[in-house]
Amino acid sequence: MRGRWYQPQSGWAWARPAVSGNVVYFGDGSGEVIARDVGTGNRKWTANVGQEPIDGSNLLVQNGVVVAPLLTYTVGLDALTGRELWRFKAPDDTVDLPPGYTAPPGTVAISHIDADDQTVYIPAWGASVSAVDLHTGQARWVWQPGRIDGDTATSGVFRSGSMGVRVSGDTIFATMWHYVIRSGVPSEAWLVAIDRLAGKELWRVRLPYQGGGTLIWAAPVVYQNLVIVHTLSARTYAIDRTTHAVVWEFTVPDAHLSTVAGAELYGDVLYVDGGDEQIHALRARDGGVIWNAPFPTQATSGLLVTQRRVIFPNGTDLIFLDRETGRMVAGTGQPGTHDGLFSSAAAFSNGLVFITAAGAAWCFDEP
């Protein structure tokens, strides 16, 4: 594949880069957000926003604002200059703790943010979703689940985490995990629908299985009247947004790996890591299998789906599949480093792929 540029930066960050026009925005492992020229990778500006890595699932640029989720707070930056406009801290991770315990902050690590033209929606551990003004950082509303029926606590709620949100019309769909007992075994995975303007919960679906710990890491996907969620245990569910019923489920019987990457939609086709060392292309309407593509181990960050390719890292390699057939087109490690970790998911614009490597930002032509 043809490399365009490779620019050093400190550490590594989880967040997928964001592209707007001739600028691509990267996060690094030292609390910096970096605006780079798409053609050369040269820095246009660098904003030091703290000592934490840019650890949310994605950077976002919307209506002249770059939003960057760090480990325990989120910042908004002017997209042209990098000037900090605001920073927002979500509510505490856990409430109503017993005496002697301290509540950790509501973290946005690995959580997927989304926005409309005026508001950014921030999911956080502590099972909160906050609607924050894109330009001022003021909270319009904050949703939290409150008392949960079935918990064994005598008061309050147990630890929970919202991992991803998706804006769809007047509704915000949020995924989250919830500990049924304090140890987190068992725990549940939920899909919650929230009114976009008022922050009122519209409905909640508990997915039909239990496990332990953080059961879901990915944002939901919306296809027509279905809201599709992909769990850490390689289960994919499509929920009807009107009836709230599970319309179809896709689970591979011999899945044995965790599935960090969420489902990605392109047209009428859904792409998922099956936890069985295969990527599966599914019909979004009914979950029927179109093709299966084997690859080593598991996707370690989100999938990128373009008109031609499905692109994802499996840790030390970046893998390229033909989108229509699943045939492996190419695979590559990183140039210029002895630390082979691809830390972020890839981004795409006008035939170029952008990804955060170990200690660098990398751009190359889509193969």
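The values are calculated or read from the model by the stated rules, or taken from the named source; none is laboratory data. The model shown is predicted, which means the values in this text are computed figures rather than measured ones. Note: ideal-geometry Cβ built from the backbone for every residue, glycine included; neighbour counts use all protein chains shown. Just the protein is used for accessible areas: all its heavy atoms, side chains included, with ligands, DNA and RNA removed. Shrake-Rupley method; radii C 1.70, N 1.55, O 1.52, S 1.80 Å.
What size of dipole, in debye to the nearest 20, comes out for the range 218-350 about its Cα centre when the only charges are +1 on Lys and Arg C-beta atoms and -1 on Asp and Glu C-beta atoms?
Details: 8 positive and 13 negative charges, 64 e Å.
Roughly 300 debye, rounded to the nearest 20.
Derived scalar couplings between HN and Hα for the range 177-182 equal 10, 8, 6, 6, 10, 4 Hz in order, rounded to whole Hz, by the Karplus curve 6.51 cos²θ - 1.76 cosθ + 1.60 (θ = phi - 60°), x for Gly and Pro. In this structure, the amide hydrogen of N314, modeled 1.01 Å from its nitrogen in the peptide plane, lies closer than 5 angstrom to those of T300, I319, counting only residues at least 5 positions away or on a different chain.
About its Cα centre, the chain has a charge dipole of approximately 340 debye under the convention of +1 per Lys or Arg Cβ and -1 per Asp or Glu Cβ, with nothing else charged.
A simple rule links phi to the HN-Hα coupling: the Karplus curve 6.51 cos²θ - 1.76 cosθ + 1.60 with θ = phi - 60°, which for the range 5-15 gives 7, 9, 10, x, 8, 7, x, 8, 9, 7, 5 Hz, with x for Gly and Pro.
With the whole protein complex present, I181 retains an accessible surface near 50 Å², based on a 1.4 Å probe.
Could you order the peptides 17-24, 242-249, 142-149, 225-232 from most to least packed, using the average number of other C-beta atoms within 10 Å per residue? Show your work: numbers first, answer last.
Numbers: 17-24: 18.6, 242-249: 12.8, 142-149: 14.8, 225-232: 23.2.
The packing order, highest mean first, is 225-232, 17-24, 142-149, 242-249.
Accessible area of W5 (1.4 Å probe, protein heavy atoms only, ligands and nucleic acids ignored): about 20 Å². Computing semi-axes √(5λ) of the Cα gyration tensor in Å for the structure here picks out one of (1) 33, 28, 20; (2) 34, 22, 20; (3) 30, 26, 19, namely (3). When all protein chains stay in place and ligands, DNA and RNA are ignored, the 1.4 Å accessible-area order of R16, R159, largest first, is R159, R16.
Around the Cα centre of the range 114-255, unit charges on the Cβ atoms of Lys, Arg, Asp and Glu (plus for the first two, minus for the last two) sum to a dipole of about 300 debye.
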